[in-house]
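Here the structure comes first, spelled out in structure tokens, and everything after it is commentary.
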Amino acid sequence: MPVASRKEYIGTSRDSVEHFDGKQLVYASWDHHLLFAAPFLLCAAPEMPFGELVKGPLSALMQPDPDAAAVDWDKVEWLKANQPFTPDFSRSLAENGVTHKTQL
């Protein structure tokens, strides 16, 4: 149905990076996994090493899965924005090209 507006609509995004005090949102999912129906939403500093994100919050969120302990993070096939990606675990999220709202 068409809508007629009496004045210009100006929308402001409430989840832009400016609202997170120097941090950014990062989505992480385990593709085709039935226990986790949606990506995890993490709030992390761009300076955080990729390995710290994996060994810390991401590993903790995966703990409910009985297979989580068997995951070999060095053999995980990573995607960043649905493209193959090989992260450097010692480099920061920013250095790995992980920006606000990137999905891994």
* Structure fact -> Restricted to the stretch 6-19 and to residues being open to solvent by 100 Å² or more (accessible area, probe 1.4 Å), of a type in the set (D, E, K, R) and in a loop (DSSP other than H, G, I, E, B), the residue farthest from Leu93 (Cα to Cα) is Arg6
* Asked: Is it the case that Val3 is open to solvent by 40 Å² or more (accessible area, probe 1.4 Å), at negative phi and outside any helix (DSSP H, G or I)?
  -> yes
* To do: Scan the stretch 48-73 and report the pairs whose first residue is open to solvent by 90 Å² or more (accessible area, probe 1.4 Å) and whose second residue is of a type in the set (Phe, Trp, Tyr), with Cβ atoms within less than 9 Å and a gap of 6+ or a chain change.
  => Glu52/Phe89; Lys55/Trp73; Lys55/Phe89; Pro64/Phe36
* Close pairs (9 angstrom Cβ cut-off, 6 or more residues apart or separate chains): farther than 18 Å from Asp74 by Cα in the stretch 88-103, of a type in the set (Val, Ile, Thr) and in a loop (DSSP other than H, G, I, E, B) anywhere -> none
* Go through the stretch 30-47 and give me each residue that's out of contact with any strand residue (DSSP E or B) (no Cβ under 7 Å at 6 or more places or on another chain) and in contact (Cβ under 8 Å) with a residue 24 or more places away in the chain. => Trp30, Asp31, His33, Leu35, Phe36, Ala45
* Structure fact -> The residue that is modelled with the lowest pLDDT, considering only those in the stretch 28-76 that are part of a loop (DSSP other than H, G, I, E, B) and among the charged types (D, E, K, R), is Asp31
* Check Gly97, Gly22 and return the single one that is in a loop (DSSP other than H, G, I, E, B), open to solvent by 40 Å² or more (accessible area, probe 1.4 Å) and out of contact with any Ser or Thr (no Cβ under 9 Å at 6 or more places or on another chain). => Gly22
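The values are calculated or read from the model by the stated rules, or taken from the named source; none is laboratory data. All of these numbers come straight from a predicted model, not from anything done at the bench. All Cβ positions, glycine included, derive from the backbone under ideal geometry; neighbour counts span all protein chains shown. The area values use the complete protein model at the heavy-atom level, side chains included, leaving out ligands, DNA and RNA. Shrake-Rupley method; radii C 1.70, N 1.55, O 1.52, S 1.80 Å.
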